[in-house]
Structure formats: structure tokens, C-alpha cells
1. Within the stretch 231-250, track down each residue that is assigned to a loop (DSSP other than H, G, I, E, B) and either touching a residue at least 60 places away in the same chain (Cβ under 8 Å) or not assigned by TED's automatic domain parsing to the domain that holds T268 (or both).
2. In the set G200, G206, G183, which member is under 15 Å from D273 (Cα atoms) and out of contact with any Cys (no Cβ under 8 Å at 6 or more places or on another chain)?
3. I want to confirm something. Restricting to the stretch 225-241 and keeping residues that are out of contact with any Phe, Trp or Tyr (no Cβ under 9 Å at 6 or more places or on another chain) and of a type in the set (D, E), which single residue is nearest to G159 (Cα to Cα)?
4. Which of the residues belonging to the stretch 139-176 are surrounded by 17 or more Cβ atoms within 10 Å (Cβ to Cβ), more than 16 Å from the ligand (Cβ to nearest atom) and among the aliphatic types (A, V, I, L, M)?
5. Do you know which residues across the stretch 252-277 are over 18 Å from V209 (Cβ atoms) and in contact with a helix residue (DSSP H, G or I) (Cβ under 7 Å, 6 or more places away or on another chain)?
6. Restricting attention to the stretch 291-311, does a residue exist that is among the β-branched types (V, I, T), surrounded by 15 or more Cβ atoms within 10 Å (Cβ to Cβ), under 23 Å from W207 (Cβ atoms) and at pLDDT 95 or above?
7. Tally up the residues in the stretch 288-312 that are more than 14 Å from the ligand (Cβ to nearest atom) and in a loop (DSSP other than H, G, I, E, B), please.
8. Among residues belonging to the stretch 125-138 that are crowded, with 16+ Cβ neighbours inside 10 Å and assigned to a helix (DSSP H, G or I), point out the one that is farthest from the ligand (Cβ to nearest atom).
Amino acid sequence: MKKYLMTLFCIVFSSLVLVSCNENDGGKKDAAGRTAGEAASPKPDGRIVVGFSQVGAESDWRRANTISMRDTFAEANGYRLLMRDAQQKQTNQFAAIREFVQKKVDYIVLAPVTETGWDDVLKEAKDAGIPVIIIDRMVKTADPSLYVCWVGSDFRKEGGTAVTWMEKKFKGKEKLIIAHIQGNIGSSAQIGRTEGLQAGVDRNLGWKVVVRDTGNFTQVQGKEVMERILSEYNNIDVLYCENDNMAFGAMKAMDEANVPYGSRGGVTIISFDATRGGLEATLAGKISYNVECNPLHGPRVEKIIQQLKEGRLPNRIAYVDEMAFDATTITREEIDARSY
Ligand code: AHR
């Protein structure tokens, strides 16, 4: 009996210690001034409410990202997702975040259109005690504690990967004429991929970017920009295109103008995202090199929410592992394995 009571005492005591450790972790601030916050109080229907401010539906990548979030935060999984499509406008994202604050959601997830301008609205969310998780593109805030963490791609590395491939492919070529179609100016995806190319231009004296314009990550604008480029230049060696949809638009413009492109001659196209459509174009030799950008953030965000619920602080910055595909080596199996 005495032995039994002792064991019972030990179990109760160690559970109390564990609980108080978790509570301490939740209240403690880290170097960035973050806390795991209060555990969200369950809503009457028992679900966790997630407010998600999405950039828009500008690309296949974005649509895959939305599906990943919707599938993960489905009612069947115990969530209620309030998703707002900002149609690529930051002001719409401000309105969405303010609506989430008013509705007292448990967590806010923000996929920001651009990096700057978030301080005021994120402070409102922080003051309301709602943890903010940033996905995909980054935000720059004066106060690092305005959001809990970020998960997404290393866009600068993606640009570097593309440039390393270009350096190998065009080794020994004295002059390389490059046309550059950019994504939304001021978004991390544009900034990183542009910086990657610029670093390549800076160290390869013969490389010249003769034209640089934004297609805002859409197919329609990718085509329009390429039409303008073709009306001015007939000597483009490389089209560095910051996503697959703009590359599809640019290819359409080249088809209509009878300009040859692809890994078998003509304009060499480099693209980003490696969506299923992008990889089909790579296998067909139309896109010569395609750098992956992974949109499946739903399960990653769910893991973060679980950590926060347990009073633990997730990693402040988490980069997703990504690969790249060369038209000369890509396989059908790689495309079939792709869910987006
Ligand atoms: O931020 C990720 C980028 O946004 C993707 O490359 C692009 O397709 C999307 O619209």
C-alpha cells in the first residue's frame, strides 16, 4: 500500500512539474520578444478559427497554396477557416486582418503581397492577443515580435540556383542578352529571384539584361510584357521569367510571333515554381530550367498552430527544401509525383 501511494505521489508530482514547465514556456519571451501567447479558448462549436489573408489567385502556384490551406483547415479536421482573397492589393489585406481581429479569430495567417507596410495592422493583431503566422513571402517590421514566425521559400537561393545553371550552360559565351520578366515588385519572391540574377550579371561581364519589366506573376501580363520585348528586340538569348504562368504567357507571345525557344534552340527560358504545367513544359523542352517553389504550406502552418497550442514557440524562420528541373534530365515520374 505504501509503495502504491508513493508511486501515485510521483506521477501526480511529475505531471504538475510538466504542466508548469509548459506554462512557463508559453509566457516566456524569446530574443525577438515573442511569446507563444495564451492558448486559444475553444469556440462554442469546439473548432479553432483561422483567419487567412491570401494574396490572390494570380498563378497556379497560388491556387495550389489555397487548396493546401483549405484542405488542412477543413471543418472535418476541427477548424473553421476564414479565407479572404486580396486580389493582389495590400489594402485588401489590411481590411481582412482588421476583420479577423474584430471576429476574434484564434490565429491569423498572412501571405503578404509585398514585404513592407505591415507595422500598424500587425500591431493591432498583437494588441488583440492574436498570434500571426506569416507564410510564403516575408514581411519587414520594425518590431520583430509583431508576428510569431514565418515559413516559406528561400527566394534568393532559388535565383542563385538558376544562375549557377546559366553559368554552366553558357560557359565561354562572350555575350549573353537577357530579358527579365519580374513578379510583383516588392514581394520577396521578386526581390530574391531578381537579386539572384543581378549577382550573376555582376560577376559575368558579358551578361546584359537589356529589358526588365513586371508581369505581376500572371499569364496575361507575362504575354503582354513579352510582346513588348519582341517588338523591340530580336536577339534575346535568355528569358529569365519569375514564374511559370508568366512563362506560359511569354511562350504564347513567342508562338504568335514565330520566335523559336526552348532547349533545342532559340530563346532559352528559365522559370520558377515547377508546377505540374511548368514541368510538362520542361519535359517538352520548352522551358529549359525550372526552379521549384513549394506551395504546400497548409500542413506546415498546422504544425505551428499545434506547437503554439502546447505553449511552445516554433522556429522563427523555416525554409522549405526545394529542387530544380533541367529539360535534359527531367522524367515523367517526377511530374506524376507532383500534386500541384
Ligand atoms: O510568392 C510565391 C510566388 O507567388 C510564386 O512564384 C508565384 O507563382 C506566386 O504568385
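1. First, pick out the residues of the stretch 231-250 that are assigned to a loop (DSSP other than H, G, I, E, B): 233-237, 242-243.
Scanning the stretch 231-250 gives D237, E242, N243.
2. Values: G200 fails: under 15 Å from D273 (Cα atoms); G206 fails: under 15 Å from D273 (Cα atoms).
Testing whether each residue is under 15 Å from D273 (Cα atoms) and out of contact with any Cys (no Cβ under 8 Å at 6 or more places or on another chain) leaves just G183.
3. E227
4. L146, V148, V163, M166, L176
5. Our first condition is that a residue be over 18 Å from V209 (Cβ atoms); within the stretch 252-277, this holds for 252-260, 262-266, 273-277.
Correct list: K252, A253, M254, A257, V259, D273, T275, R276, G277.
6. First pass over the stretch 291-311, keeping only residues among the β-branched types (V, I, T): 291, 301, 304-305.
From what is left, the residues that are surrounded by 15 or more Cβ atoms within 10 Å (Cβ to Cβ) are 291, 301, 304-305.
If we keep only those that are under 23 Å from W207 (Cβ atoms) as well, we get 291.
Now restrict to residues that are at pLDDT 95 or above: 291.
Taking every residue of the stretch 291-311 in turn, at least one turns out to be among the β-branched types (V, I, T), surrounded by 15 or more Cβ atoms within 10 Å (Cβ to Cβ), under 23 Å from W207 (Cβ atoms) and at pLDDT 95 or above.
7. Initially, the stretch 288-312 is screened for residues more than 14 Å from the ligand (Cβ to nearest atom), giving 288-289, 298-312.
Filter again for in a loop (DSSP other than H, G, I, E, B), leaving 288, 310-312.
Total satisfying the criteria: 4.
8. Applying the first criterion (crowded, with 16+ Cβ neighbours inside 10 Å) to the stretch 125-138 yields 125-126, 130-138.
Right, trim to assigned to a helix (DSSP H, G or I) and you get 125-126.
Working: A125: 21, K126: 24 Å.
Ranking the candidates gives K126 first.
The values are calculated or read from the model by the stated rules, or taken from the named source; none is laboratory data. What you are looking at is a predicted structure, and each value in this text was computed from that prediction instead of being measured. All Cβ positions, glycine included, derive from the backbone under ideal geometry; neighbour counts span all protein chains shown.
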